[in-house]
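Have a look at the structure below before the remarks.
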Amino acid sequence: MLRGVKEHTLNSLQFGAFPHDYQDDNEAYKNSRVVILGVPFDGTATYQTGAKTGPNSILNASVNVEPYDDELGEIYTVGIFTIGTLNIEEIHTDAKKVVDALYHVSRGIVKDNKFMVTLGGEHSISQGVIRAYKEKYRKLSVLQLDAHLDLMEQFGGTRFSHASVSRRVVEDLKCRVTSFGVRVVSREELLFARKKKDAVAVFYAKDIHDNDDWHDQALETLEDHVYITLDVDGFDTSIMPATGTPVPGGLSWYRTIDFLRKVYKDKTVVGFDVVELKPNPGNEAPNFLVANLVYKNIGFYKKYTLRS
């Protein structure tokens, strides 16, 4: 399968600087439970562009991530292989074509029973990966960290906008979506969420930023199989200023990690993505935060999903 995927990707750094004894990429892919793919796309960005440089910035920062985690041990032993970044040079102006291309590549990786980690890029890309997972898991729900609902029917002239990704997941892919950290909504999105209350659950940042009282309620909205999409603008701008739409009043690192840990414990997480990092030259802290976020989620997968 690796050969087929490699036809659609460009070479990149590997995630992390971890010891290994693989002879070549084919052996590394075969023996890795986790596969990472970057998608350098921000073609529908409507405020600040630059998220297309996110994947390589995350990979660059990741070489400085400590292999040993004080909670989860040597996470890398699960096997982590970075395929590269999706080659979208000829289609980067067409969001639908990018989403479709990502779906076709993701489909093969998912069929190979890999835990896929996708690095954005803007949020529109998530629907391509989720589509591949929905074909495998009939009852799949999506957990979304985000400052926004992303439930617009269309935005900027396309139904495949970053502002429409959750709308597509609910309407087209028939997945339930639970969003947390939200603090920006439009009237259209609010009406849609109320109309589709059986498919959309929202936990607003103002209600959850300083407590854990909402955790059990949120877990109840999720199916047994969960895909996680982490838009970094869900974090507070004090720790995540490097995003296209930096909205004040977001979530903290420990509150977010504590909730994600419970999700991995209680549900079967099948894959995740991290999107909307817009690197700020001269400030590596946000890039390093995302690299650690990726590693921590892989650690939760190793400890809770694989062991179960």
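The values are calculated or read from the model by the stated rules, or taken from the named source; none is laboratory data. None of these values were measured; they are calculated from a predicted model. For neighbour counting, all protein chains shown are included, and Cβ atoms are generated from backbone atoms with ideal geometry for every residue, glycine included. Remember, those area values only see protein heavy atoms, side chains included, never the ligands or the DNA or RNA. Shrake-Rupley method; radii C 1.70, N 1.55, O 1.52, S 1.80 Å.
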Could you tell me whether region 220-233 includes any residue that is open to solvent by 10 Å² or more (accessible area, probe 1.4 Å), modelled with pLDDT of 95 or more, under 25 Å from residue 55 (Cβ atoms) and touching a Pro at 6+ places or on another chain (Cβ under 7 Å)? no
Consider region 117-165. How many of its residues are more than 27 Å from residue 241 (Cα to Cα) and among the acidic types (Asp, Glu)? 2
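Residue check: is residue 86 closer than 24 Å to residue 14 by Cβ and not aromatic (Phe, Trp, Tyr)? Reasoning before the result, please.
On the way: closer than 24 Å to residue 14 by Cβ: yes; not aromatic (Phe, Trp, Tyr): yes.
When the stated conditions are applied, residue 86 passes them.
Can you say whether residue 128 is in contact with a Gly (Cβ under 9 Å, 6 or more places away or on another chain) and within 21 Å of residue 231 (Cα to Cα), as far as the supplied structure shows? If you could, list the steps in order and put the result at the bottom.
Values: in contact with a Gly (Cβ under 9 Å, 6 or more places away or on another chain): no; within 21 Å of residue 231 (Cα to Cα): yes.
Here the answer is no, as residue 128 does not meet what is asked.
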Report, by residue number, each residue of region 197-208 that is touching a strand residue (DSSP E or B) at 6+ places or on another chain (Cβ under 6 Å) and assigned to a loop (DSSP other than H, G, I, E, B). 199
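Results for (1) at pLDDT 95 or above; (2) part of a strand (DSSP E or B); (3) in contact with a Cys (Cβ under 7 Å, 6 or more places away or on another chain), shown as yes or no for each residue.
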| site | (1), (2), (3) |
| --- | --- |
| 5 | no, no, no |
| 13 | yes, no, no |
| 17 | yes, no, no |
| 21 | no, no, no |
| 35 | yes, yes, no |
| 38 | yes, yes, no |
| 41 | yes, no, no |
| 44 | no, no, no |
| 48 | no, no, no |
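Taking the stated definitions as given, is residue 54 closer than 21 Å to residue 290 by Cα, in contact with a strand residue (DSSP E or B) (Cβ under 6 Å, 6 or more places away or on another chain) and either touching a residue at least 60 places away in the same chain (Cβ under 8 Å) or not in a loop (DSSP other than H, G, I, E, B) (or both)?
Details: closer than 21 Å to residue 290 by Cα: yes; in contact with a strand residue (DSSP E or B) (Cβ under 6 Å, 6 or more places away or on another chain): yes; either touching a residue at least 60 places away in the same chain (Cβ under 8 Å) or not in a loop (DSSP other than H, G, I, E, B) (or both): yes.
Answer is yes for this residue.
On the basis of being touching a residue at least 60 places away in the same chain (Cβ under 8 Å) and of a type in the set (Val, Ile, Thr), does residue 109 make the cut? Lay out the reasoning, then the answer.
Details: touching a residue at least 60 places away in the same chain (Cβ under 8 Å): yes; of a type in the set (Val, Ile, Thr): yes.
Criteria met by residue 109.
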Can you tell me which residue is nearest to residue 156 (Cα to Cα) among those in region 82-124 that are buried (at least 18 other Cβ atoms within 10 Å of the Cβ) and touching a His at 6+ places or on another chain (Cβ under 8 Å)? 124
Under the condition of being more than 30 Å from residue 111 (Cα to Cα) and among the hydrophobic types (A, V, I, L, M, F, W, C), which residue from region 244-285 is least open to solvent (accessible area, probe 1.4 Å)? 251
I need the full set of residues from region 10-52 which are β-branched (Val, Ile, Thr), buried (at least 17 other Cβ atoms within 10 Å of the Cβ) and farther than 16 Å from residue 113 by Cα, in order please. 39, 44
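Looking only at region 132-185, count every residue that is among the β-branched types (Val, Ile, Thr) and crowded, with 21+ Cβ neighbours inside 10 Å and tell me the total.
The qualifying residues number 6.
Does region 209-219 hold any residues that are open to solvent by 50 Å² or more (accessible area, probe 1.4 Å), out of contact with any strand residue (DSSP E or B) (no Cβ under 9 Å at 6 or more places or on another chain) and either of a type in the set (A, V, I, L, M, F, W, C) or not in a loop (DSSP other than H, G, I, E, B) (or both), and which are they? Talk me through it step by step, then tell me what you get.
If we filter region 209-219 for residues that are open to solvent by 50 Å² or more (accessible area, probe 1.4 Å), which is where we start, we get 209-210, 212-213, 216-217.
Now narrow it down to the ones that are out of contact with any strand residue (DSSP E or B) (no Cβ under 9 Å at 6 or more places or on another chain): 210, 212-213, 216.
Scanning region 209-219 gives a single hit, 216.
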Residues in region 292-308 that are modelled with pLDDT under 95 and assigned to a helix (DSSP H, G or I) total 1
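Please work out if residue 181 is at pLDDT 95 or above and either part of a helix (DSSP H, G or I) or among the aromatic types (Phe, Trp, Tyr) (or both).
Values: at pLDDT 95 or above: yes; either part of a helix (DSSP H, G or I) or among the aromatic types (Phe, Trp, Tyr) (or both): no.
Spelling it out, it is not the case that residue 181 is at pLDDT 95 or above and either part of a helix (DSSP H, G or I) or among the aromatic types (Phe, Trp, Tyr) (or both).
Based on what the data block shows, is residue 233 under 18 Å from residue 149 (Cβ atoms) and assigned to a helix (DSSP H, G or I)? Working first, answer last.
Working: under 18 Å from residue 149 (Cβ atoms): yes; assigned to a helix (DSSP H, G or I): yes.
For residue 233, the condition - under 18 Å from residue 149 (Cβ atoms) and assigned to a helix (DSSP H, G or I) - is met.
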For region 173-187, give me each residue that is of a type outside the set (Gly, Ala, Ser) and in contact (Cβ under 8 Å) with a residue 12 or more places away in the chain. 173, 174, 175, 176, 177, 178, 180, 182, 183, 184, 185
